[in-house]
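Here is the structure we will look at, set down as structure tokens.
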Amino acid sequence: MLEKPSSAIAANRFGLGAQPGELTAINGNGRDWLRAQLKGSPPGINDAQLRDSSDILAQALDLRREIRESRVSAAASGAALLKVPQLLRPIYVSEVTARFRQAVTTDRPFIERLTQFWANHFAVSVDKSLLLGLAGSLEREAIRPNVLGRFSDLLLAVERHPAMLIYLDNHLSVGPNSKAARNVERRHAERKIGINENLAREILELHTLGVGGGYTQADVTTFAEVITGWSIGGEQGRHPRGDPGKFMFRAELHEPGAKQVLGKRYADTGYDQGVAVLRDLASHPSTAHFIATKLARHFIADDPPGKAVDRIARAYLDSGGDLPTVYRALVDCPEAWADPLAKYKTPNDYIVSTFRGLEIPPDTGHASVAPFELLGQRTYGPGSPAGWPDRSADWDGASALMKRVEWADAVGQRVGNRRNAMELAPQLLGGTLSDGTRTAIARAASGAQAVTLLLAAPEFMRR
Amino acid sequence: MRRREFLACGASAAAAGALFTSRLSFANATGTGRSRLVFVILRGALDGLAAVPPYGDRDYASLRRDLAFSASNVLPLNDMFGLHPSLAFLQESFAARELIVFHAIASPYRERSHFDGQDVLENGYVRAHAAQSGWLNRALAAVAADGRATNKELGVALGQNVPLVMRGPAAVTSWSPSKLAALDDDTLERITDLYAADPLLAGRLADALAADAIAMAPNAAGEMPANRPLDGGTPNRLSSDVGTQLAPAKLRSKAAGSPGARYTEVIHAAAEFLRREDGPKVAVFDTTGWDTHANEGAAQGQLAGRLAALDAGLRSLKEQLGPVWNETAVVLATEFGRTAAINGTHGTDHGTATAAFLVGGAVRGGRVIADWPGLSSRGLYQGRDLMPTLDIRSVLKGVLGEHLLVPSRALEATVFPDSGGVKPLGDLIRT
């Protein structure tokens with residue numbers, strides 16, 4: 001009995017849902033299967049359509065400037081303003097399509113789930129206009145390459161990325177005693193420019209220490225001063241231009257002086273001052289505990305057992321935040337293998353596992369975006385930097401369930417008799433397949449209905 | 001026959017037995033009288049000093065600089081306070097004595113995390129993550145336990161999932177318009193059977209069907225609700241294109257158009273539920289986008305647009321509720337306020353006290369309730385935020401007691417534990 005659920009747990013909880021044949025390949029050795037995926041460099045996404053963030057951003061900023069400069073009438077400017085979303089929307093669609101295809105077809109689904117976990121940990125949201133074009137590139141450029149590296153490198157790559165700087169307003173933040181601020185004050189006494197503490201606060205609260213992790217409002221404000229100047233290249237008055245759309249440290253915006261964060265003094269080394277604070281945050285015990293808790297909540301239970309959290313946090317601290325070591329500690333937790341259906345799938349999990357299980361070629365264009373919107377988890381659209389929540393109660397609403405089964409029914413209609421649910425059920429659910437589900441599928445009135453019942457089954461709703 | 005048609009016309013007894021074994025029964029909700037309550041969560045921390053500018057405060061203009069409002073562009077409430085110029089409906093409601101504005105108000109939360117702040121606003125305790133249930137759900141449970149409610153259920157969340165404030169022991173449901181084709185009866189019955197051994201899914205499915213039955217049934221005048229599928233429930237499936245039953249153009253059109261378009265669906269659904277004698281009496285929905293760190297704008301701009309949409313949504317709710325508006329109270333609340341001064345990027349950072357609103361035909365309005373602490377540097381909380389002088393639990397306790405008739409012992413014991421020192425505000429509701 002223990003052997004079979006172990007395969008299903010590995011494929012469905014740690015992976016993105018079993019493909020036919022995957023459980024047989026795992027053969028009860030779930031831990032080995034997962035550990036093997038951690039070897040080698042992380043898989044990238046090869047898609048010639050996808051563009052670098054700097055390229056996308058430079059074009060979007062150029063377009064914005066053109067619109068600003070050419071504004072003639074109110075009516076014309078309304079139409080002109082639509083040009084930015086018109087540029088970015090197709091980029092968003094191709095990013096989601098590529099991510100979806102990767103999730104459905106990958107043979108290292110554990111790595112893909114971890115990538116999505118970190119993308120949600122470092123969440124940006126497309127309801128801020130430029131992020132429509134940049135959210136996918138943050139994941140591809142900053143997260144994917146570092147998912148099997150050190151947390152400190154992952155952290156630095158994310159916080160430097162233009163998508164994050166723009167999402168949390170840091171590119172606008174100016175040290176009140178910086179050269180730029182003093183110049184402005186000399187010329188326009190009434191104008192106030194200064195810091196914006198948004199990114200600094202969310203780095204402390206959401207990316208590293210966690211709320212209650214031991215920082216104060218003064219730490220937030222000072223850290224915001226530390227990272228003034230972390231900005232983006234491009235036209236900026238008479239200041240250095242830099243590479244358009246790329247990260248750029250703008251010394252003229254940086255608040256001068258040594259600064260004290262979390263009780264430690266950091267000499268003014270310009271850009272490196274921020275890097276030094278980030279390195280210290282990454283190795284802080286609160287960060288270890290916060291990340292261990294989030295991993296355990298995602299992979300073990302909504303209310304993660306303390307023992308598992310401690311084990312993962314210890315691995316984090318002992319290894320200096322080496323992520324594969326942390327993942328191995330997670331996989332080694334006996335608690336992760338105790339309750340085969342402890343987690344309720346998010347809409348994203350549900351859609352991806354359906355496509356994997358039924359081996360449906362991933363859709364492209366609007367069709368790849370639509371199911372996530374319909375089921376309530378628009379890709380890259382959590383609406384806040386906290387990302388999507390990760391507990392059953394956040395996803396198991398009555399209306400959400402109804403939409404899920406309606407969508408399952410649409411999928412059943414789509415594949416019809418071309419899939420045999422009776423044969424697929426044990427291949428996708430392994431030891432978690434219940435007699436009730438088996439019987440319901442066997443008695444279905446049609447092949448299409450059998451598929452719908454497989455997808456609607458309680459054990460397919462969970463992982 | 002498709003499910004929604006089936007539910008709408010009452011159906012055959014045998015099949016109905018399977019479908020209506022719901023934990024929910026919306027019938028005869030006498031426990032709360034005829035009162036309706038809507039709770040709107042403004043997620044992201046509404047800038048109370050922009051929504052309700054204290055234009056008469058002598059320190060206000062210097063703190064807000066070019067984002068400051070003045071007597072010439074606020075909608076005045078009195079010599080001290082005005083409404084943001086986008087809030088025309090609220091101003092009319094104030095004049096009609098149907099709006100109370102609360103200022104310098106806050107939950108007991110005193111840090112500056114959105115997510116913990118929202119947790120406290122919703123859980124009704126003093127600390128974040130103190131409970132997995134919300135005060136509004138526990139209030140409904142208290143009404144049911146008091147024996148005055150003949151139904152077990154009174155609440156609906158407008159959305160796919162239920163926000164924390166509405167989670168808890170009392171059965172509630174969630175509802176949102178479906179863009180997918182409904183299940184046929186046979187498949188639905190089989191899924192119901194499949195969930196027989198799974199209490200969570202069985203309960204949720206039954207809740208969804210009960211909510212659909214209300215939302216899709218003809219109203220008292222015999223009119224079909226507008227959110228019934230226009231094709232009468234006929235499946236509209238594109239065999240090769242799962243999840244694209246709705247043309248993308250139609251999806252996008254929802255976001256465009258008039259300011260209120262953002263809330264059209266949710267307001268329509270709320271009115272649909274609350275209008276019905278046999279419907280739920282309490283509705284919850286949330287709105288986002290209030291986190292104005294940069295380029296907040298003043299009379300025009302980012303925040304102005306969001307406030308205009310909210311205002312238009314409330315106007316639409318009143319229109320669609322018709323006479324039921326007179327029995328309705330709407331509470332609008334946010335997790336905390338924003339800094340008194342603007343920051344370096346023409347926005348405001350996370351703060352403490354803010355403004356809140358109570359509006360509706362049932363409200364004894366036309367008042368601003370504020371123990372104004374002033375915006376002088378000595379009056380500010382930690383030298384940067386509007387000082388809280390009113391606990392939002394005072395307002396919520398007052399509304400729950402007077403409007404939903406929640407017993408005061410329950411308000412103290414289960415709805416807002418640890419709120420003994422927080423007295424309910426009286427005379428908020430017309431009698």
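The values are calculated or read from the model by the stated rules, or taken from the named source; none is laboratory data. Just so it is clear, the structure is predicted and the values come from calculations on it, not from any experiment. FYI the Cβ positions are ideal-geometry reconstructions off the backbone, even for glycines, and counts take in every protein chain you see.
For this structure, a couple of remarks:
- Total residues in the range B:276-308, condition over 18 Å from residue B:351 (Cβ atoms) and buried (at least 20 other Cβ atoms within 10 Å of the Cβ): 9
- Qualifying residue in the range B:46-60 (condition: in contact with a Ser or Thr (Cβ under 7 Å, 6 or more places away or on another chain), at pLDDT 95 or above and surrounded by fewer than 18 Cβ atoms within 10 Å (Cβ to Cβ)): yes
- Counted residues, the range A:199-212 - those being within 11 Å of chain B (Cβ to nearest Cβ), in contact with a helix residue (DSSP H, G or I) (Cβ under 6 Å, 6 or more places away or on another chain) and at pLDDT 95 or above: 4
- Members of the range A:371-395 that are surrounded by fewer than 22 Cβ atoms within 10 Å (Cβ to Cβ) and more than 17 Å from residue A:125 (Cα to Cα): A:391, A:392, A:393, A:394
- Residue within the range B:77-87 that is away from chain A (no Cβ under 14 Å), farther than 21 Å from residue B:333 by Cα and not in a loop (DSSP other than H, G, I, E, B) present: no
- Complete set of residues in the range A:109-134 that are acidic (Asp, Glu) and surrounded by fewer than 23 Cβ atoms within 10 Å (Cβ to Cβ): A:127
- Of the residues in the range A:99-113, none is under 25 Å from residue A:228 (Cβ atoms) and assigned to a helix (DSSP H, G or I).
- Of all residues in the range A:256-276, those satisfying the criterion of being in contact with a strand residue (DSSP E or B) (Cβ under 7 Å, 6 or more places away or on another chain) and under 22 Å from residue A:214 (Cα atoms) are A:258, A:259, A:266, A:273, A:274, A:276.
- Here the helices (runs of 4 or more DSSP H) wholly within the range A:352-463 that include at least 2 residues being touching a residue at least 60 places away in the same chain (Cβ under 8 Å) and more than 7 Å from chain B (Cβ to nearest Cβ) are A:366-374, A:421-429, A:447-456, A:458-461.
- Residue match in the range A:213-226 (condition: more than 8 Å from chain B (Cβ to nearest Cβ), touching a residue at least 60 places away in the same chain (Cβ under 8 Å) and at negative phi): yes
- Within the range A:252-275, the set of residues being touching a helix residue (DSSP H, G or I) at 6+ places or on another chain (Cβ under 6 Å) and among the hydroxyl-bearing types (Ser, Thr, Tyr) comprises A:266 only.
- Selection count where residues are away from every other protein chain (no Cβ under 12 Å) and over 20 Å from residue B:162 (Cβ atoms), scope the range B:277-294: 2
- Scope the range A:159-185; condition at pLDDT 95 or above and of a type in the set (A, V, I, L, M, F, W, C); matching residues: A:163, A:164, A:165, A:166, A:168, A:174
- Verdict on residue A:313 being touching a His at 6+ places or on another chain (Cβ under 6 Å) and under 28 Å from residue A:158 (Cα atoms): yes
- Single residue of the range A:139-198 satisfying the filter (of a type in the set (Val, Ile, Thr), buried (at least 18 other Cβ atoms within 10 Å of the Cβ) and within 13 Å of chain B (Cβ to nearest Cβ)) that is farthest from the chain's Cα centre (by Cα): A:193
- Residues of the range B:391-421 that are surrounded by fewer than 20 Cβ atoms within 10 Å (Cβ to Cβ) and of a type in the set (A, V, I, L, M): B:405, B:410, B:413.
- Residues that are within 7 Å of chain A (Cβ to nearest Cβ) and in a strand (DSSP E or B), drawn from the range B:158-208: B:173, B:174, B:175
- Every residue from the range A:216-238 that is farther than 14 Å from residue A:251 by Cα and surrounded by 24 or more Cβ atoms within 10 Å (Cβ to Cβ): A:223, A:224
- Subset of the range A:11-39 (residues that are free of Cβ contacts under 8 Å to residues at least 40 places away in the same chain and within 22 Å of the chain's Cα centre (by Cα)): A:39
- Count of residues meeting criterion [of a type outside the set (Gly, Ala, Ser) and over 27 Å from residue B:118 (Cα atoms)] in the range B:61-84: 11
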